[in-house]
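Structure first, then comments.
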Amino acid sequence: MDGYFMNYQNNNQNNNQNNNNNNNNNNNNNNNNNNNNNNNNNNNNNNNNQNNNNNNNNSSSGTHPLLSQLGGGNTTRTSPFFSLLRLTSQANLQDLLNGTLNENNIHNNSNSNSNSNSNNSNNNNNNSGGGGSSGHSNIGSLTIHPSEINELLTHSILSNFPTTTTISKGVFGNATFFETHQRAVKGVDFSPNDHHIFCSAGLDGKCNIYDARFGKLKSSSIISYQGTVNFSGLKFLNGGNKIALSTSSNKLLIFDVEKAAVVQSFDRCCFSGPFRTSIAIDPSNNNLLVTPNITGKGLSHIDIRSATPIKNIDQIHQNTINDIQILNQQWSRHFGGTNLIMTASSDSSAKILDSQKNTFKQFDFSSHQNSITVSPESPPTNNSSCLLVGGDRLTVFQIDGSISNVFFIPQSKSIMKLHYTNNGTRLFLSCNDGSLRVLNRSNLKHDHYGTVFKHSREIQDLSISKNDEYLVTASTDSKFNNNNNNNNNNNNNNNNDNNNNNQIYEDDSIEFGEDYEHSEEIVPCNNRNNRPYGSFMVITIIIKIISMTIKMVIITITIV
């Protein structure tokens, strides 16, 4: 989206030049004059920098009380393949756990920050503002967000892969982007025993362990096991001292964290494709794992106490299985079985079945399905519990199988991963446009709250700590940010107040800091056959035809 960035930056440059003629203090806010003003900005501003959403090249990392622990201000960022977000401070953690965190409080913090000094008005004019609602807009009144056209052009013509703007600030404040992998991260997971420990693995062959409290890398292991160098998925085993890793060579490795070594290997038991490989743990038996088998259309049952997979169930689906979840006993009993497994597939269906291949429920759709989950309360109840499937839209089912609601996600072609908080009051969903969105939940009702942050490419995996305090995502983006902020130690008193209110890690490497909260809506569709995005599909097809025609003309001219 180079064109979109250039227009945005040019507008900022014009605005900043005008403000320089009118305001004595606005030199500290000019995004495009940072190279000239870094030295002057070190000690002059108390108020002006708290809303520099567009000033990511000059983030005031030196003053954040948590950034000294994160190493902010002294490191050069490279490529943010995944990100960490602290969802709450200690002050409002209990409110979130109780499901009573007030949306207005967050907006009031944001509004008070944006109004504390008139010198920030130029930056605020470029923000998307607060046009969002709870997701009850009529389909007929759906408006096209300006960036949708830019992204559509970028996806269809300018690039073979969808690349969008990286955004670090959303409805919960700023997120921290990590650059500890050299290639795409395929999986992340929090330890089941420690609320702060999480791991990541990706195509670079690394398995990394982190402490979310300090945003620090605790250990990094480059694993090469019989030629295996690429990981397609991972899962912490219950106990927290071992990690299951799926590989591009169809192996499943058991990695011992304490020994920093592979202690078990299962050959030709799991599928490896362009997306993450799902690994599910049986909640009633910590030693049992289920993954898509080598064909991707069936399931491999693995007991880590055994040397070989204990069962292979083939041809459950007609296409690749993208997500697996094993239901606990209470949810399984509700559907009339034991140890039931849920699957979502690229064959446009989702199923609930047992290890004998008996199907208890099947849900058919018109497109690929990438994720499936149930609300976390147990046992389930008819008036509040639900089952969710994510693909080109979010479909909410009541537990009797009837559709409660369907949501269309603007700008996104697919939902990649669904994850409830452990108390069930919020649903996070990651999309292939790179955005992470959150919906507030009350029984069967889900209302769009806003965008949390955004990677430049799709988010393939996400995980939430058991105390609902931290969230981590894994992305395939490969954007490089070589910004050195050693000279950006500004003494901003109001900026510190703002950061203390949010208690969320601030990123000092994101190039584009637009406040993206509530800039668009998730549109509910009462009839799942309605396609509010049909016009976008037609436009996309037309643009692709034009693009192909242009390419053919260029090739013909070149040959001639």
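Bear in mind these aren't lab numbers, they're just calculated from the coordinates by the rules spelled out. The structure presented is a predicted model; accordingly, all values stated were derived computationally and were not measured. Backbone-built Cβ (ideal geometry, glycine too); neighbour counts: all protein chains shown.
A compact table of results
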read-out	value
Relative contact order (percent, whole number), region 320-480, Cα cutoff 8 Å, 6+ residue spacing	13
Charge context of Asp211, other residues only, Cβ under 14 angstrom, K/R +1, D/E -1	+2
Nearest-0.05 FRET efficiency for Asn443 and Arg213, computed from C-beta distance (R0 41 Å)	0.75
Alpha-carbon Rg/Rh ratio, for region 177-315, with Rh computed the Kirkwood way	0.95
Alpha carbon Rg of region 320-480, scaled by the compact-globule rule 2.2 N^0.38 Å	1.00
Peptide ranges 281-287, 390-396 listed from the most packed, as the mean C-beta count within 10 angstrom indicates	390-396, 281-287
Chymotrypsin sites (Phe, Trp or Tyr not before Pro) restricted to region 298-395 and DSSP loop, no more than 12 other C-beta within 10 Å	none
Asp314/Thr549 FRET efficiency (R0 35 Å; Cβ-Cβ; nearest 0.05)	0.20
28 Å Cα-Cα threshold exceeded, pairs from Lys361/Lys413; Lys297/Lys445; Lys235/Lys445	Lys297/Lys445; Lys235/Lys445
Relative contact order for region 177-315, counting Cα pairs under 8 Å that sit 6 or more residues apart, in percent	14
Dipole moment magnitude, nearest 20 debye, region 320-480 about Cα centre, only Lys, Arg, Asp, Glu C-beta charged	100
